[in-house]
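Below you'll find the structure, written out as structure tokens, and then a few comments.
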Amino acid sequence: MRCLAKWHDGRVIDVPRPDPDTIARADRALVRTVDALSESQYAEPSQLPGWTRAHVVAHLTLNGEGLAGVLHGAHVGRPQPMYASPEARDADIEELAAAAPDDLRERFLAATGRFGEALEAMHEADWEGRFERTPGGPDFALRNVVLMRLREVEIHHADLDVDYTADDWPADFRAILLESMTKRPYPAPFEVRPTDLDHTWHYGRAPEGGDRGPVVTGTSAALGWWLTGRGTGEGLTSDSNGLPEVETW
């Protein structure tokens, strides 16, 4: 079984800030799904080994609260970290996942609204700062917060395994995801060529003038799902003997 820490917030990466309408659309779709979950569905397994749907909703809730706090702190000139500590984050997810479904749902809805309000309050100058995920840890550009939340919402929406899959990701998000994943480290270089998007993405660092590695093809949804370490590469083909190695996001 994979380590549960792998299912927490992904690495913050550096790409252009998505439009606020993009995250608002993703939030609305996720809210509809969570609001429709029955009490029994919360306790059922999600797509993530070791996590129920309640764990996924709890994580999304705490992620929204943490990022809303980061944005509010930047807006009022009092920077604050996203989480108190890695240990506190993990413990909070477990505690909230054990809450009654109605209580978890209400807190999730409140966290979604809180993030939206914090985002709307931001002035352009507020985005120039940086934030820490945990006190004393590495700091990151505030302009990555929207991307970070968007990626959490869309990917974990599919992880809930309730009538929403990677195939339902909007085309603009699929392109954003494929671009953002180029910023991660890879053991060896490779290329990705979606059959439904007119672009080629390069992953890993190729030697100067050297081979860019194998070319992987498939739909952008299947490629994005695989690049986050999910599934086994269903629907993908490679011009080498197998798919390149990728880490779990």
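The values are calculated or read from the model by the stated rules, or taken from the named source; none is laboratory data. All values reported here derive from a predicted model rather than from experimental measurement. Backbone-built Cβ (ideal geometry, glycine too); neighbour counts: all protein chains shown. The protein model used for the area step is the full one, side chains on, heavy atoms only, and it has no ligands, DNA or RNA in it. Shrake-Rupley method; radii C 1.70, N 1.55, O 1.52, S 1.80 Å.
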Ranked highest first by the average count of other Cβ atoms within 10 Å around their residues, in what order do 156-165, 118-127 fall? 156-165, 118-127
Taking Rh as the Kirkwood radius computed over alpha-carbon pairs of the stretch 43-177 and applying Stokes-Einstein at 10 °C with viscosity 1.306 mPa s, one gets a diffusion coefficient in µm² s⁻¹ of 102 µm²/s
Taking every alpha carbon pair in the stretch 164-249 and sorting the distances into 5 angstrom bins from 0 up to the bin holding the longest one, the percent per bin comes out as 3, 15, 28, 29, 16, 7, 2, 0, 0
Only bridges with both residues in the chain count here: give the DSSP antiparallel percent, nearest 5. 70 percent
Angle in degrees between helix 20-36 and the longest Cα principal axis of the chain, rounded to the nearest 10: 70 degrees
On the accessible surface of the chain, probed at 1.4 Å with all protein chains in place, carbon and sulfur together account for a percent value of 49 percent
Per residue, in Å², the accessible surface of the chain once ligands and nucleic acids are set aside, probe 1.4 Å: 47 Å²
Say R0 is 51 Å: what FRET efficiency, to the nearest 0.05, do Ser240 and Glu94 get from their beta-carbon distance? 0.80
Take every DSSP beta bridge whose two residues both sit in the stretch 102-249, then give the antiparallel share in percent to the nearest 5. 65 percent
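What does the helix-only formula give at 222 nm for the chain: each DSSP H stretch with n ≥ 4 adding -39500 (n - 2.57), the total divided by the residues, and the result rounded to the nearest 500 deg cm²/dmol?
One gets -14500 deg cm²/dmol as the mean residue ellipticity at 222 nm.
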Across 5 Å bins from the origin, how do the percents of Cα pairs in the stretch 96-249 run, short distances first? 1, 8, 14, 17, 17, 15, 13, 9, 5, 2, 0, 0
